[in-house]
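A.B. asks: I am attaching a structure below and will ask some questions about it afterwards.
Read-outs throughout are calculated quantities, based only on the coordinates presented, and are distinct from any laboratory measurement. Predicted, not measured: the structure shown is a model, and the values here were computed from it. Note that we place each Cβ from the backbone using ideal geometry, even for glycine, and neighbour counts take in every protein chain shown.
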Amino acid sequence: MSLCSRAVCLSVLWLGAAVFCSADGDPELQRVTRHKPVRLFTGEDLARYNGEQEDQPIYMAVKGAVFDVSAGKEFYGRGAPYNALAGKDSTRAVAKMSLEPEDLTSDTTGLTEEQLKSLDDIFQNVYKKKYPIVGYTDQRILNEDGSPNSGFTPEDQPHFKIKDEF
């Protein structure tokens with residue numbers, strides 16, 4: 001097993017353990033946790049779920065959380081108006097309300113305070129309310145060298161509530 005594969009595997013196990021421990025004592029969270037596995041997505045993994053394949057779900061990421069947007073196929077599916085957002089972390093594009101290729105990225109560098117506020121609002125009131133979270137991007141959980149980010153804990157992430165996610 002390569003170093004990167006080992007790091008991904010350890011991260012997923014670590015994340016699963018964090019979720020399991022957090023679920024202790026909360027029957028609703030335990031039920032959700034058993035039925036919704038958390039997955040770690042690389043950019044390549046996420047790209048496979050871009051809405052082009054009829055037999056595949058459609059995924060997109062915002063702020064590192066990967067959402068199953070298949071229920072919005074008319075928006076995110078092949079030929080749909082927002083298909084450019086599918087299959088990638090489109091955080092910047094969501095913040096800017098843009099479909100420009102240079103905005104189809106997770107990079108929020110240089111966004112205005114108004115754009116960041118818009119991002120938080122859309123994240124909370126559209127994506128988290130409408131679509132299930134199926135995993136996280138590796139950029140959110142791993143360091144650049146592929147090692148687990150020991151500082152990552154789901155419940156400590158801004159605007160995330162572990163009960164809502166797992």
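A.B. asks: Suppose R0 equals 25 Å. What FRET efficiency, 1/(1 + (r/R0)^6) with r the Cβ-Cβ distance, do Glu52 and Lys129 give to the nearest 0.05?
C.D. replies: The calculated FRET efficiency here is 0.45.
A.B. asks: With a sphere of radius 11 Å drawn around the Cβ of Ala84, what net charge do the other residues whose Cβ falls strictly inside it have (Lys, Arg +1; Asp, Glu -1)?
C.D. replies: Summing Lys/Arg as +1 and Asp/Glu as -1 gives -1.
A.B. asks: Name the residues whose placed amide hydrogens come within less than 5 Å of the amide hydrogen of Asp89, ignoring near sequence neighbours (fewer than 5 apart) on the same chain.
C.D. replies: Ala61
A.B. asks: Of all the C-alpha pairs in the range 41-101, what % are more than 18 Å from each other?
C.D. replies: Percent of Cα pairs beyond 18 Å in the range 41-101: 23.
A.B. asks: Place the peptides 87-95, 118-126 in order of packing, highest mean first, counting for every residue the other Cβ atoms within 10 Å and averaging per peptide.
C.D. replies: 87-95, 118-126
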